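Trainee: Structure incoming, see below.
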Amino acid sequence: MTADRTPLARTELAGLLTDAAQSVSGVLTTEYPTSASRSYLHPVLGTLSAGPLVVCELNDRLEGFVIEEPLPSTPAGLFTLASYASALGWLTESLAELTASVDQICTRVGIPAQPPDPAFAAHSPAEQDDEFDFAFSALELAAIRTAAEAAGLSPGDYVEVLSQSLLAASRITDACMEISSGLLEDAAYVLGEATDHVWIGEGPDSLPTLVRSLLARMEAAE
């Protein structure tokens, strides 16, 4: 019976967290082919394509951890469960925010509506340069105009949606890096304890790294 199985050893618990950390960090290195007409989405498409797959993967592992194995009852097992569940929830939330940002970008450019009227992007070179609030070199301006033309956007609109895409990519990158590093810290803590006496205190320092990070975010948001 499942209840008669031996609880996972600390090395296995640490391995569970380490594998999860590698999966989360791998989201950021995923490449996704992007057409010239959608080049402004290139910064986020890789993460957007890989993220949901990693969430499903982590969720399956979590179900195996709490269903196929005995429900964690040791301090190390409970510590690992709290860290893992926090990572999964944080990643899911971050991907939902990324999806919302991409939806806003697509709405801004009219996807999946018909391509913009060519007249929408018809400006003289002087008018195009005046659209920007910051300076570009002549080479950068030429590249922007080429990319904007391929996307059916004016240079100003192209820069705007590309900036939104880069900002969204930066946010999900920060989240994934913090989640991954937190999982690795918790894995080292579980593995490094000479005994199984982890997560037995009452203070905040006895909580997993990711749990403490989430609590800090909640307090900052209040």
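The values are calculated or read from the model by the stated rules, or taken from the named source; none is laboratory data. Bear in mind that the values here come from a model prediction, so they are computed numbers and not experimental data. Neighbour counts are summed over all protein chains in view; Cβ atoms, including those assigned to glycine, are modelled from backbone coordinates with ideal geometry.
Conditions tested, residue by residue: (1) part of a helix (DSSP H, G or I); (2) under 14 Å from the mean Cα position of the chain (by Cα).
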residue: Leu13; (1), (2): yes, no
residue: Tyr32; (1), (2): no, no
residue: Tyr40; (1), (2): yes, no
residue: Gly46; (1), (2): yes, yes
residue: Val54; (1), (2): yes, yes
residue: Ile67; (1), (2): yes, no
residue: Ser73; (1), (2): no, no
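Trainee: Of all residues being modelled with pLDDT of 90 or more and of a type in the set (Gly, Ala, Ser) in the range 176-213, which is farthest from Val27 (Cα to Cα)? Just the residue, please.
Mentor: Result: Ala188.
Trainee: Another one. Going by the conditions given, is Gly110 surrounded by fewer than 17 Cβ atoms within 10 Å (Cβ to Cβ), modelled with pLDDT under 95, of a type outside the set (Phe, Trp, Tyr) and under 14 Å from the mean Cα position of the chain (by Cα)?
Mentor: So Gly110 does not fit the description; no.
Trainee: Moving on to the next point. Looking at the range 170-192, I want the residues that are more than 17 Å from Glu93 (Cβ to Cβ) and touching a residue at least 40 places away in the same chain (Cβ under 8 Å) and have a partner that is surrounded by 18 or more Cβ atoms within 10 Å (Cβ to Cβ) and of a type in the set (Lys, Arg) with Cβ atoms under 7 Å, at least 6 apart or on another chain. Which pairs are those?
Mentor: Val190/Arg10; Leu191/Arg10
Trainee: So which residues in the range 18-75 are crowded, with 18+ Cβ neighbours inside 10 Å and either in contact with a strand residue (DSSP E or B) (Cβ under 8 Å, 6 or more places away or on another chain) or without any contact (Cβ under 8 Å) to a residue 40 or more places away in the chain (or both), if there are any at all?
Mentor: Once the filter is applied, which keeps residues that are crowded, with 18+ Cβ neighbours inside 10 Å and either in contact with a strand residue (DSSP E or B) (Cβ under 8 Å, 6 or more places away or on another chain) or without any contact (Cβ under 8 Å) to a residue 40 or more places away in the chain (or both), the range 18-75 yields Ser23, Leu45, Gly46, Ala50, Val54, Leu58.
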